[in-house]
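Chemist: Just dropping this structure here.
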């Protein structure tokens, strides 16, 4: 049931769940490989194969979860309430294998990762769907996305800062044990507050579930997903190469954490600005402006050298401000396209999740081979040509894909969607 007037208190209560979700999501991708390779001596080739298979399984599963969530939308709150403790239990188990599985950690890793991925995707897709159900106008979609994505950025920031702090005072196993336990109160409290923010009619649709293939028949949905894919590639590339760039180009690896914090804080700080601009000038124009500014700001990273910490911080601030627009306006535009497609909201966001996960794989599949072809080797004494290749991949390659996204957005009919749904 959509609220006629979405107050900030309601938006805050809904958005708060984004923090524990992002807090849980980052370590799944960043810390799990290192943890099982170093602490449980899982062979890197085996580990890589496991992660690849489970992540592909998880990505393909997202549209199916979305279809099932649409079919039983009347139970969305119950679904989220059940998925949250399952995620917490799987998460704690993932980072705390018992002694009796020490000789065979691979099986434990597979089971725990599967539980975590499925419960995480279920919670995330229904979380997005719940937000769409709260909106009365297209501008509500933007406000809802701003509070949700802003909360997620705070969760990412928290998840990136806590592990290093714990590792300064505890051993690795104890640090991850504490870190996994922190998720439990954050997640349970976040779900409880979020679910109290919206009311949903408790009924099951009698209509057949909409398949993702049927949803993809809509050109509006295809436009948003394709633009979202192209626009997410730059962030995926820079995320993949960030540590290499700060270490081997800037020689400022010690400041990588604070620079990431500045970037994400800037993104959160920019969301109120982009929200107001989208109301005044429309989502498409505002997003085009943000994407163009992102290219203008970030291309200067190509010319940075060792010691250019201050210029890079300025780039982090300016590009972070534009990330705020990317994070909320594209999901808001997807919500607009789903307004007239009854019973397909969760399926749409299942496809959105699938696109986002494929983006990470696609970016790594482009950037890392290009780096290798240029002769760059991590943690090695690289020559000028190899370092130039790293700068090109980190700064220019993302700008190229961002420019493609700008062109696609410019020629798209997505501005008509907002006028149709206001």
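Chemist: Suppose a student asked you for the relative contact order of the chain, using Cα pairs under 8 Å spaced at least 6 residues apart; what percent would you report? Each step should come with its number before you reach the end.
Modeler: Working: 589 pairs, mean separation 114.4, N = 422.
Once divided by the residue count of the chain, the mean separation gives 27 percent.
Chemist: Would region 5-115 count as rounded, prolate or oblate if I go by the C-alpha gyration tensor, calling it rounded below 1.5 in a/c and otherwise prolate when a/b exceeds b/c, oblate otherwise?
Modeler: The shape class here is prolate.
Chemist: Still on this structure: Arrange 319, 332, 119, 196 by Cβ neighbour counts within 10 Å, fewest through most, would you?
Modeler: Sorted ascending by nearby Cβ count, the order is 196, 119, 319, 332.
Chemist: May I have the extent of the alpha carbons of the chain along their three principal axes, as whole Å values ordered from largest to smallest?
Modeler: Extents along the principal axes: 62, 54, 37 Å.
Chemist: Connecting C-alpha atoms closer than 10 Å in a GNM of the chain, tell me which of 105, 234, 384 has the biggest fluctuation.
Modeler: Result: 384 has the largest fluctuation of those listed.
Chemist: Still on this structure, I have one more. So for region 1-209, averaging the separation of alpha carbon pairs under 8 Å that are six or more residues apart and normalising by length, what relative contact order in percent results?
Modeler: Contact order relative to length: 48 percent.
Chemist: Which of 77, 34, 357 moves the most in a Gaussian network model of the chain with Cα springs under 10 Å?
Modeler: Comparing 77, 34, 357 in the GNM, the peak value goes to 34.
Chemist: Counting other C-beta atoms within 10 Å, which of 38, 253, 149 has the fewest, and how do the rest follow?
Modeler: Listed from fewest to most nearby Cβ atoms, that is 38, 253, 149.
Chemist: What Kirkwood radius, in Å to one decimal, follows from the Cα pairs of region 301-406?
Modeler: Working: mean 1/r = 0.0602 Å⁻¹.
In region 301-406 this quantity evaluates to 16.6 Å.
Chemist: Could you tell me the distance between the Cα centroids of region 114-185 and region 327-396, to the nearest Å?
Modeler: Cα centroid of region 114-185 versus Cα centroid of region 327-396: 20 Å apart.
Chemist: Another one. Can you give the calculated 222 nm mean residue ellipticity of the chain, where each DSSP H run of n ≥ 4 adds -39,500 (n - 2.57) and the sum is split over every residue, rounded to the nearest 500 deg cm²/dmol?
Modeler: -27000 deg cm²/dmol
Chemist: At residue 12 and residue 96, where each label point lies 7 Å from the Cα along Cα→Cβ, what is the point-to-point distance in nanometres?
Modeler: 3.2
Chemist: So if each residue of separation counts as 0.36 nm, and I subtract the Cα-Cα distance between residue 273 and residue 57, what length gain in nm does that give?
Modeler: On the way: separation 216, 0.36 × 216 = 77.76 nm, distance 3.78 nm.
Going from the current span to full extension adds 74.0 nm.
Chemist: If you don't mind, there's one more thing I want to ask. Among 113, 153, what is the fewest-to-most ranking by other Cβ atoms within 10 Å? Intermediate results must be reported in sequence, preceding the final value.
Modeler: On the way: 113 22, 153 25.
Neighbour counts put them in this order, fewest first: 113, 153.
Chemist: Would you mind estimating how fast region 1-209 diffuses translationally, via Stokes-Einstein at 37 °C and 0.692 mPa s with the Kirkwood radius over Cα pairs, in µm²/s?
Modeler: Details: Rh = 18.1 Å.
Taking Rh from Cα pairs, D becomes 181 µm²/s.
Chemist: Along the principal axes of its C-alpha atoms, what lengths does region 212-422 span, in descending order and rounded to whole Å?
Modeler: 57, 34, 27
Each reported figure results from applying straightforward, stated rules to the coordinates on display, with no laboratory input. No experiment lies behind these values; they were computed from the predicted model shown. No Cβ is skipped: glycine too gets one built from the backbone with ideal geometry, and neighbour counts run over all protein chains shown.
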